[in-house]
1. Tell me which of Ala133, His214, Thr199 sits at the most positive position along the dipole axis of the stretch 127-236, charges placed on C-beta atoms (Lys, Arg +1; Asp, Glu -1).
2. What's the ranking of 103-114, 187-198, 61-72 by average number of surrounding C-beta atoms within 10 Å, highest first?
3. For Cα pairs less than 8 Å apart in space and 6+ apart in sequence, what is the mean separation divided by the residue count of the stretch 127-236, i.e. the relative contact order in percent?
4. Going by amide H atoms built from the backbone, whose H comes under 5 Å of the H on Leu127, apart from near neighbours?
5. If one computes the Cα centroid of the stretch 175-216 and of the stretch 100-150, what distance in Å separates the two points?
6. Rg/Rh for the stretch 127-236 to two decimals, with Rh computed the Kirkwood way over all alpha-carbon pairs.
7. Given 5 Å bins starting at zero, what is the percent of C-alpha pairs of the stretch 115-173 in each, up to the one with the largest pair distance?
8. Mind listing P(r) for the stretch 95-139? All alpha-carbon pairs, 5 Å bins, whole percents.
Amino acid sequence: MSDWKKAVPLIALASAALALLLFNVLEWVHLMPGVQAAREAVIIDSAFDNVVRVTVVIFAVVVAIILYTVVFFRAGPDQGEGADFDASPGKMVEVVWLAASCVLTFGLAAYGSEEFLHLRHDSHAELDVQVKAAQWSWEFFYPAQNVNAAELILPKGKRARIAITSEDVVHALWVPAFRLKQDALPGRVTTLYVTPTVTGEYDIVCAELCGLDHSVMRGKVLVVEPEEFEAKLKGEAW
C-alpha cells in the first residue's frame, strides 16, 4: 500500500493537468461560436463560460476522487469478495460532499439569477416593435412609426422592447447572434429586450416545432446605424 500512497501526488497532478488541458481546449474551440451582436449576448456567453469553467473543475475533482477510491479501497488478493469493510469514515465524506453540492448548487442558482436580472431589470426602451408569428412567417410592426416591415430592423446601440405573440400555435423567436429566444404564444404577449451592438444581417429562427413547414420559418434581423434606421425602415415597409 505504501507504493500506492506515492501515487497520490501524481493523481493530484494528473487532475490539475486534465483541468488545465480542458480549459485550453474550451478557449480554443469557443463553445459559443459566432458574433456577439448584442449586449445581451456578451452577458449570456460570459455566464455560460463561467459555468463551464466550474464544471471542468468539478470534473477534475471527481476524477481524482474516483482514482483515489480505486487505488486505496480496492480489495487485496488475500481479502477476497465480500470482505469486511469499515464504512464509518465515509459518513463524514458524505456530509462534506452533500454540503459542498448544496453550496455549489445554490451558488450557481444565485449567479444565474443575477445574470438573468441583468437582462430583464431595465424595462426602459428606446424602440418598440410588435412581432406576430403565424404558420410559417413573421410580421414586424413599429407602432411609433406606424410601419409594417418585412424584416426586423433595429438601430445599433438602442435598447428595443420586442412584444411577441402568435396567431395560431406556439412558436419561438430565436436570434442566435443575440443569444436570445422568446416563445410566441397564442392569446398572450411575451416580451424580449435587446440592445444590438454590431451592425449586420442576422438570422431569425423559429425554435419551437410548429407544424409541417417549421424548418423554413425563418426571418432576418437588420442592425443598422441609428441615423440610417428611419430610411431603412421605410425602404422595408409594406
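Values in this text are rule-based calculations from the coordinates and carry no lab data. Source: prediction; values computed, not measured. A quick note on method: Cβ atoms are made from the backbone with ideal geometry, for glycine too, and the neighbour counts reach across all protein chains shown.
1. Thr199
2. In decreasing order of mean packing, 103-114, 187-198, 61-72 become 187-198, 61-72, 103-114.
3. 30
4. Arg161
5. If you average the Cα positions of each part, the centres end up 10 Å apart.
6. Using only Cα positions, Rg/Rh for the stretch 127-236 is 0.94.
7. Percent of Cα pairs in each bin: 4, 17, 24, 22, 18, 12, 4.
8. 5, 15, 11, 11, 11, 12, 11, 8, 6, 6, 3, 0
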